[in-house]
Amino acid sequence: MLDTVKPPTNLEEKLDWLQLIRSRSVGPITFYKLLERFGSAHEALKALTAKAIKNNQKDPVIKRSNIDHELVRIENFGAELIAYGEENYPPLLAQIPDAPPLIQVLGNTQFLKKRTVAIVGARNASSNGITLAKELAQNLGQFGFLIASGLARGIDTAAHQGAIQNGTIAAVAGGLDVIYPPENKLLYEAIIENGALISEMPLGSEPQAKHFPRRNRLVSGLSRGVVVIEASLKSGSMITARLAQEQGRETMAIPGSPLDPRSKGGNALIKQGAILVETAQDIVEALERPFDPSIKKSKRKKAGTESSTPLLNIVTEKKTPVNAVDARLSVKELLGPSPVYVDDLLRQSQLSPTELNGILLEFELAGQIEWQPGNRVALIP
C-alpha cells in the first residue's frame, strides 16, 4: 500500500496531510488507506466531513485554523516538517507499514540518512550497563553508524552520550519542545547540535504512557538493528525488540546474570533467536549480513498472517447489507485488548474481505480499535 503513496507536491497538500493525520481516529494506517481510497488527503477530508454530517457526528476533522497555527509553531521553533516520500524522510522508517505520514525534525536532517543502529535498555540501569552502552555507542560511531535511542533515563541516555561525538538521533514520545526527562536538557541541546530529534506528536504534547510504544516503533524503524542492554521481561525495551522483529530488523542482546531481573529480557531474546553480542565488532558483523526488511514480511504473508486484500472500504454510500448489525456484533465479539490477525478474523467471522474491512474501518474511525504492526487489530480499552 505504501508503495503507491506520493509525497505532497506543495505546502497546501502538506497541510492537508497534517489536517488528516491530526483528525480524530486517524492513525498512520488509516491515513494511508484513506489516501488510497480517495486519491488525496483533500478528498479524504471531504469524505470524512460528509460522513460525519450524515451520521450526526461532532468534529471528526480538526479545524484548518488549528493546522495553520501548528505549522507556524513548527517554523518558529526551528523544526522541519517532513512528509513520507520526501527526500529527507528516513529511508528505513519509510519501509514499516505504519510509518508516520509526517515527522518533525529538530537538528541536522542529513543524519536521518546515515546507517543507524538502535541501543535501548533499562531506565534503572546498572553502572556496568551504563558504561557498556556508552562504549558500544562510541565504538559503533567510529565504525560509521549513527546511534538511535529514545532519550529515556538509563541506557538510552548513556547511548546518546557515547554517540554524541559521531552523531545520534533521539525519537521522543512528546512534542519536540518538551524535554523529557528534564535532567537531559544539556543532552537534548547537544543532540540538536550533532544529531537530530524526531517526533510525530504536535509541539507542546506531554509524553504519556500510550505514546511510548509509538515512539519505540520509530526507534526500531529508523535502524538496521536493535541492541538490548538490560531489560526486564515486561519493559519498553522488549516492546522495541518485538517491533524490530516484526519490521524485519536484526535483534541483538547483551547477555547478563540470571540473578539480575534487568538481564531477563535480553537473555530471553537470545533464547528466542536474537544474536548474542558483546562488542561493537559483534554488532557490525551482524549488521553486515544482507539486509532486506521485506524478507520477513513475505514469510508472514506466506504463513497467512497478512491479509491479501487491501483495507480500502472506508467512507462509502453502498447499500448496507441486511445482516450488517449481526456482522458488527460478531466481529466485536472476536476482538479483545490483545491484537489479533485480520486473516484470523476473516476466517472466524465468515465475512467477505470487503465486509470485514468496512466494519473494521468503522470501528477504527469511531475510536474503538487500533491497528498494530503485522496487520493486527485490538480493541481500545
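The values are calculated or read from the model by the stated rules, or taken from the named source; none is laboratory data. Please read these numbers as outputs of a predicted model, since none were measured by experiment. For neighbour counting, all protein chains shown are included, and Cβ atoms are generated from backbone atoms with ideal geometry for every residue, glycine included.
Would you call residue 135 on the phi < 0 side of the Ramachandran plot, among the acidic types (Asp, Glu) and outside any loop (DSSP other than H, G, I, E, B)?
yes
So is residue 9 more than 23 Å from the chain's Cα centre (by Cα) and not in a helix (DSSP H, G or I) or not?
Answer is yes for this residue.
Could you list all residues from the stretch 363-379 that are in contact (Cβ under 8 Å) with a residue 40 or more places away in the chain, of a type in the set (A, V, I, L, M, F, W, C) and surrounded by 15 or more Cβ atoms within 10 Å (Cβ to Cβ)?
Within the stretch 363-379, 365, 371, 377, 378, 379 qualify.
Across the stretch 12-40, what is the total count of residues that are part of a loop (DSSP other than H, G, I, E, B), farther than 21 Å from residue 68 by Cβ and within 19 Å of the chain's Cα centre (by Cα)?
2
What are the pairs, 6+ residues apart or on separate chains, where a residue within the stretch 164-188 that is in contact (Cβ under 8 Å) with a residue 24 or more places away in the chain has its Cβ under 7 Å from a residue that is in a loop (DSSP other than H, G, I, E, B) and among the acidic types (Asp, Glu)?
Every condition considered, the pairs that remain are 174/206; 178/206.
For the subset of the stretch 218-263 comprising residues that are among the charged types (D, E, K, R) and closer than 14 Å to residue 129 by Cα, which member is surrounded by the most Cβ atoms within 10 Å (Cβ to Cβ)?
Ranking the qualifying residues of the stretch 218-263, first place goes to 230.
Assuming residue 267 fulfils every condition listed in (1) modelled with pLDDT of 95 or more; (2) within 28 Å of residue 101 (Cα to Cα) apart from one, which condition is it?
Unmet for residue 267, out of (1) modelled with pLDDT of 95 or more; (2) within 28 Å of residue 101 (Cα to Cα): (2).
If we scan the stretch 32-40, do we find a residue that is touching a residue at least 24 places away in the same chain (Cβ under 8 Å), within 20 Å of residue 360 (Cα to Cα) and surrounded by fewer than 18 Cβ atoms within 10 Å (Cβ to Cβ)?
For the stretch 32-40, residues touching a residue at least 24 places away in the same chain (Cβ under 8 Å), within 20 Å of residue 360 (Cα to Cα) and surrounded by fewer than 18 Cβ atoms within 10 Å (Cβ to Cβ): present.
Name every residue in the stretch 75-113 that is polar (S, T, N, Q) and over 18 Å from the mean Cα position of the chain (by Cα), in order of residue number.
Scanning the stretch 75-113 gives 76, 108, 109, 110.
Among 82, 53, 62, 67, which is the only one that is part of a strand (DSSP E or B) and outside the structural domain of residue 178 (by TED's automatic domain parsing)?
Matching residue, one of 82, 53, 62, 67: 82.
Just one of 96, 62, 103 is within 26 Å of residue 241 (Cα to Cα), modelled with pLDDT under 95 and in contact with a Ser or Thr (Cβ under 9 Å, 6 or more places away or on another chain); which is it?
Among 96, 62, 103, only 96 is within 26 Å of residue 241 (Cα to Cα), modelled with pLDDT under 95 and in contact with a Ser or Thr (Cβ under 9 Å, 6 or more places away or on another chain).
For the structure I just gave you, tell me whether residue 335 is surrounded by 14 or more Cβ atoms within 10 Å (Cβ to Cβ) and modelled with pLDDT under 75.
Taking the combined requirement at face value, the residue does not satisfy it.
Do any residues in the stretch 64-78 that are over 18 Å from residue 41 (Cβ atoms) have Cβ atoms under 7 Å from those of residues that are at pLDDT below 95, where the two are at least six apart or on different chains, and which pairs are they?
none
Only residues that are buried (at least 23 other Cβ atoms within 10 Å of the Cβ) and in a helix (DSSP H, G or I): list them for the stretch 266-281, please.
Of everything in the stretch 266-281, those that are buried (at least 23 other Cβ atoms within 10 Å of the Cβ) and in a helix (DSSP H, G or I) turn out to be 266, 269.
Yes or no, residue by residue, for (1) assigned to a loop (DSSP other than H, G, I, E, B); (2) at positive phi; (3) small (Gly, Ala, Ser):
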{"position": "147", "(1), (2), (3)": "no, no, no"}
{"position": "175", "(1), (2), (3)": "yes, no, yes"}
{"position": "183", "(1), (2), (3)": "no, no, no"}
{"position": "187", "(1), (2), (3)": "no, no, no"}
{"position": "190", "(1), (2), (3)": "no, no, yes"}
{"position": "198", "(1), (2), (3)": "no, no, no"}
{"position": "202", "(1), (2), (3)": "yes, no, no"}
